[in-house]
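The structure appears right after this line, and notes come after that.
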Amino acid sequence: MKAIEAFELTRNFNGLCAVNAIDFSVEAGEIFGFLGPNGAGKTTTIRMLTGQLRPTSGRAEVMGCDVVEQRQQLKPQIGVVFDCQNLYERMSGRDNLLFYARLYQVGKKRVDEVLEQVGLVDRARDRTKTYSNGMKQRLVIARGLLHEPKVLFLDEPTRGLDPAVARGIRGMISELGEQGITVFLTTHYMEEADRLSDRVAIIDQGRIVALDTPERLKTIHGKGKQVSLEDVFIELTGRDFFSLE
């Protein structure tokens, strides 16, 4: 079953084409890396796939729901974790989740389950403002999992985290994939994308320029040499440190 399908998906902003007629699909239970330089169209794509932004043209379906015509049916199917944590810092971690649990109409038992899942049970009653950045990120992921979505969108979930915390979150993402949850992942860390993703798409200037497994992309673009996914990314997007203005 296809968890996500996009058909000629396009979004323009004041004459600028941010996402340009992209086609792709994601299998149910797949960890799908969606990679690209800043401004390439990654977040715009996520906003369209999650029903937050109407496409200029084309269409997309997530878990069989049209992202424009069936937004209400779509919402229970998806969880979204953007890089902005937007937590209520005067409330405890548990109270933050209880607030959203009421919106999602899920019980307190589920709140305790996700706190256990992200390793925050011991700090659940502390105010969120006392949390480290890594703890806040785990809480945001817990919030995205509260209603047991079939598809979880993660927009740069390890950005700005120390290596140990980032490793823990990568472990959580792997476990979600093993549980059959479809994960749509954006990240600027190519090693992370290589390690986690079943397949990756690379988008540049609004167009998908490659879509395959990390291993196959490295084999094709290595041409007999051992290369990294970062090497492939730079080759396809034409961006390296010395070309930036």
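For the range 147-169, give me each residue that is in contact with an Asp or Glu (Cβ under 9 Å, 6 or more places away or on another chain) and either of a type in the set (S, T, Y) or part of a loop (DSSP other than H, G, I, E, B) (or both).
Hits for the range 147-169 are E156, P157, T158, R159, G160.
Are any residues in the range 71-88 in contact with a strand residue (DSSP E or B) (Cβ under 7 Å, 6 or more places away or on another chain) and in a loop (DSSP other than H, G, I, E, B), and if so, which ones?
F82, D83
Within the range 1-42, can you find the residues that are under 19 Å from Y189 (Cβ atoms) and among the β-branched types (V, I, T)?
I31
Those residues that are among the polar types (S, T, N, Q) and either farther than 18 Å from A40 by Cβ or out of contact with any strand residue (DSSP E or B) (no Cβ under 8 Å at 6 or more places or on another chain) (or both), I need them from the range 175-232; list them, please.
Scanning the range 175-232 gives Q179, T182, T213, T219, Q226, S228.
When you scan the range 61-81, do you find a residue that is more than 22 Å from A28 (Cβ to Cβ) and surrounded by 14 or more Cβ atoms within 10 Å (Cβ to Cβ), even just one?
Looking through the range 61-81, none of the residues is more than 22 Å from A28 (Cβ to Cβ) and surrounded by 14 or more Cβ atoms within 10 Å (Cβ to Cβ).
For the range 198-234, name all the residues that are free of Cβ contacts under 8 Å to residues at least 24 places away in the same chain and acidic (D, E).
Within the range 198-234, D212, E215, D231 meet the criteria.
I'm trying to understand the selection: among the residues of the range 115-149, which are among the β-branched types (V, I, T) and under 18 Å from the mean Cα position of the chain (by Cα)?
V118, V140, I141, listed by residue number.
Criterion first (surrounded by fewer than 16 Cβ atoms within 10 Å (Cβ to Cβ), free of Cβ contacts under 8 Å to residues at least 24 places away in the same chain and of a type in the set (G, A, S)) does G160 satisfy it?
When the stated conditions are applied, G160 does not pass them.
So, of the residues in the range 136-150 that are touching a strand residue (DSSP E or B) at 6+ places or on another chain (Cβ under 9 Å) and among the hydrophobic types (A, V, I, L, M, F, W, C), which turns out to be surrounded by the fewest Cβ atoms within 10 Å (Cβ to Cβ)?
Among residues in the range 136-150 that are touching a strand residue (DSSP E or B) at 6+ places or on another chain (Cβ under 9 Å) and among the hydrophobic types (A, V, I, L, M, F, W, C), the one surrounded by the fewest Cβ atoms within 10 Å (Cβ to Cβ) is L146.
Looking only at the range 51-91, which residues are in contact with a helix residue (DSSP H, G or I) (Cβ under 8 Å, 6 or more places away or on another chain) and hydroxyl-bearing (S, T, Y)?
Y88 - this is the single residue of the range 51-91 that is in contact with a helix residue (DSSP H, G or I) (Cβ under 8 Å, 6 or more places away or on another chain) and hydroxyl-bearing (S, T, Y).
Do you know which residues across the range 1-23 are at positive phi and in contact with a strand residue (DSSP E or B) (Cβ under 7 Å, 6 or more places away or on another chain)?
E8, A21
In the range 114-134, which residues are hydrophobic (A, V, I, L, M, F, W, C), out of contact with any strand residue (DSSP E or B) (no Cβ under 7 Å at 6 or more places or on another chain) and surrounded by 15 or more Cβ atoms within 10 Å (Cβ to Cβ)?
Those that are hydrophobic (A, V, I, L, M, F, W, C), out of contact with any strand residue (DSSP E or B) (no Cβ under 7 Å at 6 or more places or on another chain) and surrounded by 15 or more Cβ atoms within 10 Å (Cβ to Cβ): V114, L115, V118, L120.
For the range 1-43, which residues satisfy the criterion of being loosely packed, with under 14 Cβ neighbours inside 10 Å and farther than 21 Å from I78 by Cα?
E8, F13, N14, G15, L16, N38, G39
Find all pairs meeting these conditions: Cβ atoms under 8 angstrom apart; at least six residues apart or on different chains; first residue within the range 15-32 and without any contact (Cβ under 8 Å) to a residue 60 or more places away in the chain and of a type outside the set (D, E); second residue assigned to a strand (DSSP E or B) and surrounded by 21 or more Cβ atoms within 10 Å (Cβ to Cβ).
Sorted first by the residue in the range 15-32, then by its partner, the pairs are S25/I4; S25/A6.
Bear in mind these aren't lab numbers, they're just calculated from the coordinates by the rules spelled out. None of these values were measured; they are calculated from a predicted model. A quick note on method: Cβ atoms are made from the backbone with ideal geometry, for glycine too, and the neighbour counts reach across all protein chains shown.
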